[in-house]
Amino acid sequence: GARAGITMAAAPKLSFDDVSYEEDVLRNPFSLKHWWWYLEFKAKAPKKQRYLIFERAVKNLPGSYKLWFRYLTERAFDCRNLPLDDIAYEEANAAFERALVTMHKMPRIWLDYLKFLIQQKRVTKIRRTFDRSLRALPILQHNRVWPLYLRFVQSARIPELAVRVYRRFLKMEPDRVEEFIDYLKKIKSWNEAAVQLAELVNSDKFVSQYGKSKYDLWKDLLNIITKNPGAITSLNVDAVIRSGIRRFPHQVGHLWCALAEFYVTDGRFVKAKDIYEEALNTVSTVRDFSVVFDAYSQYEESMLAAKMDVAEEDDVDDDEEGEGGLNPSDEVDWRMMRLEHLMERRKLLLNSVLLRQNPHNVPQWHERVQLFKDDPIKAITTFSKAVATVDPAKATGRPHTLWIAFAKFYESHGDLKNARVIFGKATQVAYRGVDDLASVWCAYAEMELRHRKYDLARGVMRKACVMPDKGTGPRADDTSVKVQKRLHKSTKLWAFYADLEENLGTLESACAVYESMLDLKVVTPQIVLNYAALLEENKFFERAYRAYEKGLDLFKFPHAFPIWIAYLRRFLTRYKGKKKERARDLFEQAVSKITTKNARRLYLLYAKYEEDYGLARRAMDVLARACKAVDKKERAAMYSIYIKRVADLFGVTKSREIYHEAIKEVPEKDLKPMCLRYADLERKLGEIDRARSIYQYTAQYCSPERDPDFWEAWKTFEVQHGNEDTYTEMLRVRRSVVGQFATVQLLPTDVIAKAEESKRQQSRRKKRDTSEMSILEEKAREAAGGPVPMEELEKPKTPPPAPIAASASKNPEEIDFDDDDDIDIEEKAVPDAVFGSASAAEKGLGAKARFKQKNK
């Protein structure tokens with residue numbers, strides 16, 4: 001009762017409506033809903049009354065988050081437009097502090113309090129409150145406080161405070177260090193930013209929240225270091241950048257340039273020059289070299305321009321000295337010389353880069369020697385370094401060319417003694433292939449020949465071409481054996497030795513070399529021909545023939561073909577028709593092994609020999625065999641030769657059988673000209689029916705669009721020697737052929753396959769369902785349009801019977817000549833035998849005119 005009295009005395013005067021609510025809260029002081037109803041009822045009351053009710057409520061219910069949250073929210077809201085020195089802020093702060101006595105585990109209360117304090121801009125109190133909140137709240141709820149804390153320290157513009165807060169924050173969230181680095185860049189704390197970036201670059205576990213790679217972080221670090229060299233005090237910049245050069249080999253050029261730029265920005269120009277020179281002498285790719293060289297040349301140009309500006313200033317005294325004790329004008333000349341010297345060294349520096357990239361690159365060593373062509377000492381040093389560095393097993397290019405060029409360099413300066421020493425060493429090198437070593441020996445001998453040391457040259461080649469002790473020795477491509485032991489299998493070396501002996505030695509020495517080559521099987525067809533030609537020049541014909549035969553034992557067709565041709569020609573030229581059986585035996589041996597590609601020339605030579613010195617019948621037999629032995633592409637030409645020779649020797653009538661055989665054997669593309677010649681032959685012999693049969697047979701292979709010359713020839717033939725019946729038959733055949741070729745050409749392959757399958761199915765159904773009459777009609781149509789068999793050409797063909805008068809129903813296959821204006825028939829006199837029973841008045845008319853007259 002006393003407690004209620006005190007409350008009633010302290011409270012303002014109550015209205016009649018308030019009494020019921022007061023009684024409820026007095027009877028139920030620990031009931032939240034009664035206090036909530038009371039507050040809802042007093043929603044429009046003055047704020048002091050509401051504050052008093054809130055205070056009474058939270059005093060009875062200090063653990064009610066709902067009451068405290070509404071009370072504090074209303075307190076903070078009422079202060080929004082008040083000046084910062086108003087007493088209401090202190091009262092609100094006191095309310096927040098009282099609430100935190102029981103609500104210190106509620107992050108929402110802390111956040112609202114902190115936001116309210118931030119509005120008051122009381123930095124010290126805010127910082128301490130943030131710290132209290134972090135100590136009071138569980139660690140799992142700190143993530144709700146830190147974003148607000150970080151925003152506060154950034155807006156407070158107190159760098160030291162922000163750095164300390166960020167360091168504490170990074171202990172909880174180390175992955176968000178990039179936010180700290182961005183802030184450090186913003187406040188231009190370059191040293192701390194560089195230290196933090198260096199730690200990130202060296203950390204193998206760090207993953208950027210912005211998706212940056214290690215090299216991107218390095219770029220940021222280099223950007224800070226190079227642009228602010230004076231601010232970096234906690235890092236050894238040179239060591240840091242050099243570690244990056246070792247760590248990122250694909251960006252070596254940019255990193256070297258960054259290191260040099262650091263020293264340039266710091267004003268240490270001599271050190272920057274040394275860095276550029278070191279970079280040019282260490283980079284191993286052309287791309288990095290280009291980056292460094294361009295930066296170096298740009299640096300020298302900028303320094304030259306700066307010195308020229310200084311030299312042109314009017315206030316410079318004559319006695320004033322520049323860098324290195326030079327006055328400005330002399331320093332400009334010195335800078336100019338440095339820039340020119342740098343440009344002159346570019347090729348040499350680039351060559352050094354390529355050799356560092358691949359020290360076994362033979363072409364680059366040759367190019368390096370050319371750069372020192374005016375300095376013999378440096379050239380010899382380069383040659384010596386090259387032959388000592390290049391490993392033949394790893395070399396790019398031909399390593400033996402280095403030794404040869406080295407020896408020629410001494411030779412060009414007249415020092416043959418040292419040149420021979422170089423060649424002697426070159427012959428002991430373990431090259432990859434026999435050809436390299438053979439080239440060295442050949443170059444050695446050529447040097448002796450150039451100085452007219454012929455005996456020494458022969459001695460060199462004799463020393464190189466040493467025969468093995470047993471047998472023919474290892475194969476030339478057997479890499480398991482040292483290359484010096486396989487040298488005797490080099491065809492190139494032996495061929496050079498043979499030429500040398502042939503020109504400078506005796507006949508016996510040259511023959512001995514050739515015989516050794518044949519025994520070792522290191523000859524080529526051309527070498528065999530050279531050996532035989534040498535023997536023939538010296539009148540050793542039988543030895544030459546034995547050389548040919550030894551070569552033929554080593555080679556097969558097609559490589560043996562030139563040997564056979566030369567052998568047979570030489571033999572026929574010498575003996576002509578004296579040793580027929582031996583010549584025929586040689587020819588038979590040759591044609592028994594010949595390939596189709598080389599058969600034509602050999603068979604024609606055989607046939608020519610038989611015509612000149614043998615029997616015509618044997619010559620024709622050879623040509624007949626040739627027609628079947630040659631390639632299909634040459635078969636038509638071979639048959640043409642065969643037919644011509646038969647006609648010349650035995651008459652044209654004997655060529656009919658050959659024509660028949662040729663038409664069966666030649667490819668389809670060569671069939672038309674063959675048949676046209678055959679038909680022309682029969683026409684000249686007066687065999688008109690046989691010629692017409694040939695035309696009919698050939699028509700099935702000749703499209704009117706593709707082969708108009710054939711159809712024009714047949715048309716001319718019918719105009720000259722036919723009648724209306726044969727001309728009509730020719731047009732019918734032409735129409736059927738047009739339909740046949742149009743079907744084949746227009747339909748794609750897959751459609752043709754489907755159409756053929758459909759035809760087969762229809763044919764099977766027809767066999768089951770159609771009547772006998774339909775089958776007979778089908779056979780009749782097929783017989784009418786089918787090709788003429790080849791056997792028909794051997795029998796004279798009677799002309800078809802005269803056409804039957806048209807019936808009442810029109811025939812769909814009838815040809816209307818009256819409307820056909822495109823056919824131009826030449827009218828000529830025709831023999832009486834062609835017309836048969838035609839009247840005398842009709843004899844002077846052409847086929848078209850006679851046909852029209854009969855229809856009338």
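Here are the numbers for this structure:
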quantity: The stretch 215-278: proportion of alpha-carbon pairs further apart than 14 angstrom, %; calculated: 52
quantity: Highest to lowest packing among 699-712, 520-533, scored as the average C-beta count within 10 Å; calculated: 520-533, 699-712
quantity: For the stretch 342-486, the Rg and Dmax computed from alpha carbons only, in angstrom; calculated: 16.9, 62
quantity: With every protein chain in place, the stretch 508-655: carbon and sulfur % of accessible area (1.4 Å); calculated: 51
quantity: Sulfur and carbon atoms: percent of accessible area, the stretch 14-158 [1.4 Å]; calculated: 58
quantity: Carbon/sulfur fraction of accessible area - the stretch 218-351, other protein chains in place, 1.4 Å, %; calculated: 50
quantity: Mean projection area, nm², convex hull over Cα of the stretch 373-422; calculated: 3.5
quantity: Nearest-10 value in Å² for the accessible area of GLU665, using the 1.4 Å probe; calculated: 80
quantity: Order of exposure, largest accessible area first, which applies to PHE130, PHE269, PHE561 with probe 1.4 Å; calculated: PHE269, PHE561, PHE130
quantity: Per residue accessible area of the stretch 308-456, 1.4 Å probe, in Å²; calculated: 56
quantity: Spatial extent of the stretch 519-630: Rg and Dmax, with the Cα atoms as the point set, Å; calculated: 14.2, 44
quantity: Cβ crowding within 10 Å averaged over residues, with 204-213, 110-119 ranked highest first; calculated: 110-119, 204-213
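The values are calculated or read from the model by the stated rules, or taken from the named source; none is laboratory data. In this text, all values refer to a predicted model and were calculated from it rather than measured experimentally. Here the Cβ is made from the backbone with ideal geometry for all residues, glycine too, and neighbour counts use every protein chain on show. Accessible surface is based on the protein model in full, side chains and every heavy atom, while ligands, DNA and RNA are left aside. Shrake-Rupley method; radii C 1.70, N 1.55, O 1.52, S 1.80 Å.
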